[in-house]
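See structure below.
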Amino acid sequence: MARVWVLDTETKGTGAQMVPLEKVVRGPEPKPQRPPVPERRPRPEAEPEPAPPPRFRVVEVLSRRVLSDDASTRATIEVLEGVRSVVDVSIYRWAEAAGGWQPLTPREKKTLWGFRGRLPSD
């Protein structure tokens with residue numbers, strides 16, 4: 001079967017050229033497909049439980065003697081008032097996710113140390 005050739009003039013300034021008819025004749029444009037709509041995630045039913053108050057363990061560095069165990073923040077600060085320097089103790093916080101005692105970062109330790117002498121008397 002012989003090919004039919006036509007003069008294509010849609011070039012951009014380079015002149016017309018002879019091309020097969022199949023290249024010039026275009027079929028109907030395909031319908032644009034809409035992107036799929038993402039499914040909505042259901043909202044959580046209830047608010048998560050509030051985190052329990054932090055619990056602390058204070059251990060003397062030199063003797064490894066436990067000064068307080070499973071103490072509240074107030075009790076921990078009261079124990080720290082009897083300590084000479086922040087470097088004399090190791091302070092740990094109970095981490096439920098880890099299932100054990102995690103040491104405080106130096107910044108957290110200094111923040112807790114900064115509350116010494118500021119507790120209101122009962």
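Please treat every number below as a calculation from the coordinates, not as lab data. Because the structure is a prediction, the values reported are computed rather than measured. Neighbour counts run over all protein chains shown; Cβ positions are idealised from the backbone, glycine included.
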| Mind listing the phi-derived Karplus ³J(HN,Hα) values for region 109-114, rounded to whole Hz, using 6.51, -1.76 and 1.60 with θ = phi - 60°, and x for any glycine or proline? | 5, 5, 5, 5, 4, x
| query | Using θ = phi - 60° and the Karplus curve 6.51 cos²θ - 1.76 cosθ + 1.60, what whole-Hz ³J(HN,Hα) does each residue of region 73-85 get, with Gly and Pro shown as x? | reply | 5, 4, 5, 5, 5, 5, 5, 5, 5, x, 9, 6, 9
| Karplus 3J(HN,Hα) series, Hz, for region 34-39 with 6.51 cos²θ - 1.76 cosθ + 1.60 (x for Gly, Pro) | 6, x, x, 7, x, 6
| note | GNM of the chain, Cα pairs under 10 angstrom: of P50, P36, P103, the biggest fluctuation goes to P36
| Taking Cα centroids, how far is region 19-42 from region 48-122 in Å? | 64
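Are there any GluC sites (Glu not before Pro) in region 1-50 that are in a DSSP loop and have at most 15 other Cβ atoms within 10 Å? List them by number.
Working: sites: E10, E22, E39, E45; in loops: E10, E39, E45.
Answer in residue order: E10, E39, E45.
Hand me the trypsin sites (Lys or Arg not before Pro) from region 14-50 located in a DSSP loop with no more than 14 other Cβ atoms within 10 Å, in residue order please. Intermediate values should be presented prior to the final figure.
Values: sites: K23, R26, R40; in loops: R26, R40.
Qualifying residues, ordered by number: R26, R40.
Where Rh is the Kirkwood radius over the Cα pairs of the chain, the temperature 25 °C and the viscosity 0.890 mPa s, what D in µm²/s does Stokes-Einstein return?
Rounded, D is 113 µm²/s.
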| remark: The set of residues whose placed amide H lies less than 5 Å from the amide H of D8, leaving out same-chain residues fewer than 5 positions away, is Q17, M18, V19
